[in-house]
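For reference, the structure discussed in these notes is given below.
The values are calculated or read from the model by the stated rules, or taken from the named source; none is laboratory data. Fair warning: this is a prediction, and the values are worked out from it, not measured in the lab. Here the Cβ positions follow ideal geometry from the backbone for every residue, glycine too, while neighbour counts run over all protein chains shown. Calculation scope for accessible area: heavy atoms of the full protein, side chains included, ligands and nucleic acids excluded. Shrake-Rupley method; radii C 1.70, N 1.55, O 1.52, S 1.80 Å.
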Amino acid sequence: MKSFTRVKKINGQEYLYEITPYYDKEKKKIRQKSKYLGKNVNGVPVKVRSVDQMPKKVLSHGEFVPLKKIAEDLELEEVLSGVLPGKEVWPILTLAMNFATRPRALTHIQSWYEGTILSEDHPDLPLSSQSLSRLLSRIGEGTANLEF
């Protein structure tokens with residue numbers, strides 16, 4: 001049995017399907033399987049949701065708008081740069097933002113971070129549980145005079 005193309009009109013829009021007839025031994029009848037080909041555009045199937053159009057990832061954004069604004073208004077990046085090496089500033093700010101939004105154990109910070117807009121703003125932060133533990137240990141052992 002040969003496959004053929006069927007046009008289905010749904011809510012005024014035409015869609016193309018490949019129909020493949022087959023013999024159903026159980027019911028002893030000829031049945032059909034249909035495979036979606038896409039929207040009918042001048043007789044050519046165009047998939048509406050193709051892989052190329054799907055977002056690569058979805059990031060949490062809204063909850064960080066006020067936190068980033070607060071950090072900017074208080075100049076936290078500059079203040080922390082005065083007492084910490086530059087590479088440690090954003091890991092600390094990221095931990096603070098995690099604590100303010102959805103506190104996680106250190107072992108889960110990296111996966112949480114990858115789902116946030118922070119990962120786009122500051123890619124490749126050292127946020128493994130080991131590096132965060134070492135960072136917090138260094139901060140806990142040291143003393144710093146912060147003047148605001």
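For the range 62-121, chymotrypsin sites (Phe, Trp or Tyr not before Pro) are listed when DSSP marks them as loop and at most 12 other Cβ atoms sit within 10 Å of their Cβ; the list is empty.
The residue among Asn40, Leu76, Leu95 whose Cα reaches farthest toward the positive pole of the charge dipole of the chain, with charges on the beta-carbon of Lys, Arg, Asp and Glu, is Asn40. Here the chain is treated with +1 on each Lys and Arg Cβ and -1 on each Asp and Glu Cβ, and its dipole about the Cα centre works out to around 2300 debye. For the range 9-28 versus the range 60-132, the spacing of their alpha-carbon centroids is 52 Å. Modelled this way, with points 7 Å down the Cα-to-C-beta line, the labels at Ile117 and Lys8 are 3.9 nm from one another. For the chain, the longest principal axis of the C-alpha atoms and the axis of helix 86-101 are separated by about 70°.
Using θ = phi - 60° in the Karplus curve 6.51 cos²θ - 1.76 cosθ + 1.60, the 3J(HN,Hα) couplings for the range 32-40 round to 9, 10, 10, 10, 5, 9, x, 6, 7 Hz; x is entered for Gly and Pro.
Relative to the longest principal axis of the C-alpha atoms of the chain, give the angle of the C-alpha long axis of helix 64-73, reported between 0 and 90° and rounded to the nearest 10°. Taking Cα atoms only, the helix is inclined about 30 degrees. For the range 1-88, the C-alpha radius of gyration sits at 2.29 times the compact-globule guess of 2.2 N^0.38 Å, with N the residue count.
Solvent-accessible area assigned to carbon and sulfur over the range 79-129 amounts to 58 percent, based on a 1.4 Å probe.
Its Cα gyration tensor gives the chain an equivalent ellipsoid, and the semi-axes of that ellipsoid, as √(5λ) in whole Å with the largest first, are 58, 19, 11. Please report the antiparallel percentage of the DSSP beta bridges confined to the chain, to the nearest 5. So the antiparallel bridges in the chain amount to around 95 percent.
In order along the range 125-139, the Karplus-derived 3J(HN,Hα) couplings, from 6.51 cos²θ - 1.76 cosθ + 1.60 at θ = phi - 60°, round to 6, x, 10, 5, 4, 5, 5, 5, 4, 5, 4, 5, 5, 4, 5 Hz, and Gly and Pro are given as x. The smallest convex shape that holds all Cα atoms of the range 104-143, its convex hull, gives 77 Å³ per residue.
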